[in-house]
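Written out below as structure tokens is the structure these notes cover.
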Amino acid sequence: MSKNQHVTPHPEGGWQIKGAGNERATKRTDTQAEAISIARSIARNQESELFIHGKNGQIRERDSFGNDPFPPKG
């Protein structure tokens, strides 16, 4: 399975896209919208999940591009 992608604030300003477990950012951008757009395309290509974090670091949104069961169980 591919690595999930996280959009998080960069410590030095701006936003970063990081694969789960990676130490270094895949890409750094000035705006969160730009980072989300890039991360969404990476997650689609890898069929993984996208986690969007807010300025405080908490996950505020997530999107799955993997093999979700349909209809969902439960």
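The values are calculated or read from the model by the stated rules, or taken from the named source; none is laboratory data. Keep in mind that what you see is a predicted model, and the values were worked out from it rather than measured. Cβ placement follows ideal geometry from the backbone for every residue including glycine, while neighbour counts extend to all protein chains displayed.
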I need every pair where a residue in region 55-72 that is surrounded by 10 or more Cβ atoms within 10 Å (Cβ to Cβ) has its Cβ under 7 Å from the Cβ of a residue that is assigned to a loop (DSSP other than H, G, I, E, B) and at pLDDT 70 or above, sequence separation at least 6 or different chains. 60/54; 65/47; 65/48; 66/47; 66/48
Region 2-27, subset out of contact with any Gly (no Cβ under 7 Å at 6 or more places or on another chain) and closer than 12 Å to residue 65 by Cβ, residue surrounded by the fewest Cβ atoms within 10 Å (Cβ to Cβ): 2
Check 64, 41, 48 and return the single one that is out of contact with any Cys (no Cβ under 7 Å at 6 or more places or on another chain), among the hydroxyl-bearing types (Ser, Thr, Tyr) and either at pLDDT 95 or above or at positive phi (or both). 41
Cβ-Cβ below 7 Å, separation at least six or inter-chain, first residue in region 28-53 and touching a residue at least 40 places away in the same chain (Cβ under 8 Å) and loosely packed, with under 13 Cβ neighbours inside 10 Å, second of a type outside the set (D, E, K, R) and in a strand (DSSP E or B): which pairs? none
